[in-house]
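Down below is the structure, laid out as structure tokens.
The values are calculated or read from the model by the stated rules, or taken from the named source; none is laboratory data. Quick caveat, the model's predicted, so the values are computed rather than measured. Neighbour counts are summed over all protein chains in view; Cβ atoms, including those assigned to glycine, are modelled from backbone coordinates with ideal geometry.
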Amino acid sequence: MAEGKNVMLSASYIVGLTDGEGCFLVSLRKDNRIDLRFFITQAIGNKSLLQKVQEYFGAGSVYQKSSGWQGRLPAYVFEISKRDDIYNIVIPFFSRHKLFGDKIKSFEAFCKIAKVVKGRQDIRKLKPSEFSYVRKLKLGMNKHYVSPGAVKSARRVGTRENLNEAQSVK
């Protein structure tokens, strides 16, 4: 038997993985739909880890992320985007098992948005005041993870240029 093949992940491990590599995302699309997504991204060699996360939740999918930016290293993504799974699995899980880092701020905004848009996946079904509230919350999400001086460096993380620099240091 391969080492670690039948290892079940713990809730705290998934919380830590999410704190480091996860994202709660709200998209206000041009076709007026509102998408709620939770995902975790990992280097290509960690596909099996994401498959274990998928098994843990019993939902979502694991897929290879396309390299949108030139020089970006390949990666895999575990994602839950089905509305029922967001409401019945993701939100209850992270409400029970608290995030430790700044990502909690994005999760809290995600929950508030999910509550407002529940059953109304179309922007046109929201009152103007509700849409304004959702938009304000969304704009504040996922802004807390990089120190101001590290922004330029963070943009290069996971690029071939960064990998080449790291290998030349050896």
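Summary of values
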| read-out | value |
| --- | --- |
| Any chance Arg33 is charged (D, E, K, R) and under 14 Å from Arg83 (Cα atoms) | yes |
| Flag for Val15 being out of contact with any strand residue (DSSP E or B) (no Cβ under 6 Å at 6 or more places or on another chain) and either over 30 Å from Phe131 (Cβ atoms) or surrounded by 11 or more Cβ atoms within 10 Å (Cβ to Cβ) (or both) | yes |
| Boolean, Lys103 is in contact with a Phe, Trp or Tyr (Cβ under 8 Å, 6 or more places away or on another chain), surrounded by 16 or more Cβ atoms within 10 Å (Cβ to Cβ) and over 27 Å from Glu130 (Cα atoms) | no |
| Close pairs (6 angstrom Cβ cut-off, 6 or more residues apart or separate chains): among the small types (Gly, Ala, Ser) in the stretch 32-52, surrounded by fewer than 16 Cβ atoms within 10 Å (Cβ to Cβ) anywhere | none |
| Meets criteria (closer than 30 Å to Met8 by Cα and modelled with pLDDT of 95 or more) for Ile44 | no |
| Pick from the stretch 116-139, criterion assigned to a loop (DSSP other than H, G, I, E, B) and exposed (fewer than 11 other Cβ atoms within 10 Å of the Cβ), ranking: modelled with the highest pLDDT | Lys127 |
| Residue in the stretch 79-90 that is assigned to a helix (DSSP H, G or I), under 29 Å from Arg135 (Cβ atoms), hydrophobic (A, V, I, L, M, F, W, C) and in contact with a Phe, Trp or Tyr (Cβ under 6 Å, 6 or more places away or on another chain) present | yes |
| Odd one out for Lys47, checked against (1) in contact with a helix residue (DSSP H, G or I) (Cβ under 8 Å, 6 or more places away or on another chain); (2) over 27 Å from Val117 (Cα atoms); (3) not in a strand (DSSP E or B) | (1) |
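This table checks each residue for (1) modelled with pLDDT of 95 or more; (2) among the aromatic types (Phe, Trp, Tyr); (3) closer than 24 Å to Lys143 by Cα; (4) touching a helix residue (DSSP H, G or I) at 6+ places or on another chain (Cβ under 9 Å).
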{"residue": "Phe38", "(1), (2), (3), (4)": "yes, yes, yes, yes"}
{"residue": "Val53", "(1), (2), (3), (4)": "yes, no, no, yes"}
{"residue": "Gly60", "(1), (2), (3), (4)": "yes, no, no, yes"}
{"residue": "Phe78", "(1), (2), (3), (4)": "yes, yes, yes, yes"}
{"residue": "Ser95", "(1), (2), (3), (4)": "yes, no, yes, yes"}
